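The values are calculated or read from the model by the stated rules, or taken from the named source; none is laboratory data. Computed from a predicted model, the values in this text were never measured in an experiment. Every residue, glycine as well, gets a Cβ built from its backbone with ideal geometry; the counts of neighbours run over all protein chains shown. Quick note on the areas: whole protein, heavy atoms, side chains included, nothing else; ligands and nucleic acids left out. Shrake-Rupley method; radii C 1.70, N 1.55, O 1.52, S 1.80 Å.
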Amino acid sequence: MDISQIKSQFPIFRQPTPKGNDFVYLDNAATSQKPQCVIDAITRYYSEEYSTVGRGAYWPASINTARVNEVRSKVKTFLNAASEREIVFTSGTTDGINKVARNFLAPRLTAGDHIIISEAEHHANLIPWQQLCLEKGAELKVIPVLESGVLDESWLASHLNDKVKLLAVSACSNVLGIKNDLNSMISLAHEKGIPVLVDAAQTLCHDRVDVMSLNCDFLLFSAHKMFGPTGVGVLYGKAQCLEQMKPFNYGGGIVKEVTMQGSSFQDLPAKHEAGTANISGILGMGAALDFILSLDEKETAAHLSDLTSYALDRLESIEGLKIMGGKDHKAPLISFTLDGIHPHDISTFLSEEGICVRAGHHCAQPLMHRFQIPASIRASFAVYNDRKDIDRLYEALLKTQSFFL
Ligand code: PMP
């Protein structure tokens, strides 16, 4: 795989850092950089063919309506959904989870019911359920994370019962980088007739998901973590689930007939997409999918797996560096601490070296409590990273240690 050719498609890497050194971007789990094709799709929309969609009979509106429909179709194929009706555009993963919480679960949740999540969830897949439980007098049950970072599946098996109204888990932790065994968890839940929501925010940038074979009921992702723009994402839901839900928002674009007394609504997916869409975002997301599909899936996986193993080896050789969680089922994402130096000091020091990593609790405070640390450093890789980036990180960490200790 020609990584330098891939990297050359990302104009940001041609910019020098403020200190004039090469830019090493290792915060891909937060958001990934954008290839030229994504930037071009957005620029073309605003500079050459700007219009609304779904409402005008004039040519740019028809072109853009067709393009937005095409993106929906691309997402459908990408996820292997049964139909375009199951693909709803949202502003991102957080938005999608909140919509399922408010419109799918809230109407069927009563006092004493349970919602199961895991201890490793991002706040986006925790707070909506926690608040719903508080409102309804329901209980949030939490799958413990083992020392290895793996979820305790035996706990799950023994807690799935009639009271449970939803299992909501991430496909991969944004802190530990450990991929969950979704097939097994979904089968266990479905045996008891419990619907399952999958937070795939950390997955689709490096792994494909087949929603039909996975058989999840909902799956969410954000385009900005997979080379697309911010503020746009997808809520996949099985048609029968989306049909049962009232429109997420009320307003224009979703109606058949409106009188002052009442309104009738369109079929899926329009029913759930009131208001003017984030058209540039959707077009950018389409270009991002094209970019991902232009890469050989197996080669990408092999490259990322090589980078992750290489990084684990190099990082582990640093005295006082502790990696959170085990090495099995690992996504290209490593969280660690360095004895005696606060993660924020490390990331500030690394920034001076032109290296971007994330420091903090990564919007997963309960997981930090679980591992009894306030914060960690997270280095996460994308297809444009290479071994030189890891070497730069390694050298800079040694330099950080000699500066602070
Ligand atoms: N879930 C996970 C696992 C994440 O990593 C993130 C983003 N850090 C989110 C949800 C929320 O994504 P967004 O901010 O794009 O809505």
For this session: Report whether or not Val68 is touching a Leu at 6+ places or on another chain (Cβ under 8 Å), assigned to a helix (DSSP H, G or I), assigned by TED's automatic domain parsing to the domain that holds Asn174 and within 26 Å of Ala189 (Cβ to Cβ).
Result: no
Problem set entry | Any chance Ala331 is on the phi < 0 side of the Ramachandran plot, in contact with an Asp or Glu (Cβ under 8 Å, 6 or more places away or on another chain) and of a type in the set (A, V, I, L, M) | yes
For this session: Considering only residues that are in a loop (DSSP other than H, G, I, E, B) and out of contact with any Leu (no Cβ under 8 Å at 6 or more places or on another chain), look in segment 127-158 and name the one that is surrounded by the fewest Cβ atoms within 10 Å (Cβ to Cβ).
Result: Glu147
Exercise. Can you name every residue in segment 78-126 that is small (Gly, Ala, Ser), under 16 Å from the mean Cα position of the chain (by Cα) and part of a helix (DSSP H, G or I)?
Worked result: Gly96, Ala124
For this session: Sort out which residues of segment 95-123 are open to solvent by less than 10 Å² (accessible area, probe 1.4 Å), out of contact with any strand residue (DSSP E or B) (no Cβ under 7 Å at 6 or more places or on another chain) and either within 16 Å of the ligand (Cβ to nearest atom) or under 27 Å from His369 (Cβ atoms) (or both), and write them in order of number.
Result: Ala101
Seminar exercise, completed: Those residues of segment 13-58 which are exposed (fewer than 14 other Cβ atoms within 10 Å of the Cβ) and of a type in the set (Gly, Ala, Ser) amount to Gly20, Ser47, Gly56, Ala57
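Looking at this structure, is Gly92 within 16 Å of the ligand (Cβ to nearest atom), at positive phi and open to solvent by less than 10 Å² (accessible area, probe 1.4 Å)? Break it down into steps so the answer makes sense when it comes.
Numbers: within 16 Å of the ligand (Cβ to nearest atom): yes; at positive phi: yes; open to solvent by less than 10 Å² (accessible area, probe 1.4 Å): yes.
In short, yes.
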For this session: Tell me, please, whether a residue that is surrounded by fewer than 19 Cβ atoms within 10 Å (Cβ to Cβ) and over 20 Å from the mean Cα position of the chain (by Cα) can be found in segment 286-296.
Result: yes
For this session: Being on the phi > 0 side of the Ramachandran plot, within 11 Å of the ligand (Cβ to nearest atom) and surrounded by 13 or more Cβ atoms within 10 Å (Cβ to Cβ) narrows it down to one of Gly228, Gly177, so name that one.
Result: Gly177
Seminar exercise, completed: Within segment 346-385, of all residues that are polar (S, T, N, Q) and touching a residue at least 12 places away in the same chain (Cβ under 8 Å), the one farthest from Glu147 (Cα to Cα) is Asn385
